[in-house]
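Notes follow the structure.
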């Protein structure tokens with residue numbers, strides 16, 4: 001079975017500061033990894049995903065994530081936070097078999113202060 | 001391109017009542033998913049359709065939940081009878097095609113927030 005652990009239910013940063021949201025996964029096979037963002041009262045929107053190839057993945061809105069197999073991690077980063085980045089972020093894993101079933105973490109709420 | 005549509009956006013019912021949610025996926029998307037998102041948790045897959053066939057319903061509480069996807073397009077999720085613990089946001093998502101390798105991008109609707117009193 002696969003699982004996702006997101007460290008920290010809430011992360012607070014100042015505008016302009018580095019954003020780091022942590023995600024560790026467990027999977028018995030090489031995983032596909034996803035980061036989704038959810039704004040209040042909206043559905044989830046894909047930020048980026050890792051399938052194969054380059055382990056550093058760039059996404060929308062300046063976010064990127066690096067797949068580190070040895071650490072079973074897929075942390076999300078952004079060099080400079082903007083007020084509009086305040087939202088909830090979910091890491092998800094697919095085990096690459098079957099029909100793209102995703103297992104989500106519990107989410108991390110990013111708070112950005114002026 | 002229109003996104004995934006869901007209705008209603010909000011629903012309040014008494015326990016033991018029934019409720020239904022509707023989803024219209026992105027045009028041409030073969031795969032449709034229903035998720036349950038309880039406050040403070042990530043979405044949990046309830047059921048997944050490939051066209052109008054079910055490919056995964058292992059986490060669907062079948063004694064009270066049912067879902068159908070007639071003609072491989074729209075889908076309806078029903079709860080009968082509802083319990084207090086069913087209070088959650090119900091998300092519908094769709095993907096263009098299920099490649100069978102787990103890499104498909106899922107596109108989510110805005111969700112239906114259900115409150116059971």
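None of the figures in this text is laboratory data; all of them are computed from the coordinates on show. Since we're looking at a predicted model, the values are computed, not measured. So basically every Cβ, Gly included, is an ideal-geometry build from the backbone, and we count neighbours across all protein chains shown.
Other chains near B:11-22: what is the mean number of their Cβ atoms within 10 Å of each residue's Cβ? The per-residue average across the peptide is 0.
Binning the C-alpha pair distances of the stretch A:22-83 at 5 Å intervals from 0 yields a P(r) profile of 4, 16, 28, 24, 15, 9, 3, 0 %, listed from the shortest bin outward.
Potential lengthening of the chain between residue A:28 and residue A:58 amounts to 8.3 nm, from the contour at 0.36 nm per residue minus the alpha-carbon distance.
Averaged over the residues of B:43-54, the number of partner chain Cβ atoms lying within 10 Å of the residue Cβ comes to 2.
Computed over the stretch B:1-85, the P(r) tail beyond 20 angstrom holds 34 percent of alpha carbon pairs. Once the Cβ-Cβ distance between residue B:12 and residue B:39 is put in as r, and R0 is 22 Å, what FRET efficiency do you end up with, to the nearest 0.05? According to the calculation, E is roughly 0.90. Within the protein assembly as shown, the proportion of Cα pairs with more than 22 Å between them is 52 percent. In chain A, Cα pairs under 8 Å separated by at least six residues give a relative contact order of 38 percent.
Gyration tensor analysis over the Cα atoms of chain A returns equivalent ellipsoid semi-axes of 24, 14, 12 Å (largest first, whole Å). Based on C-alpha pairs under 8 angstrom that are at least 6 apart in sequence, the stretch A:47-114 has a relative contact order of 21 percent. Average projection, convex hull of the Cα set of the stretch A:46-113: 5.3 square nanometres.
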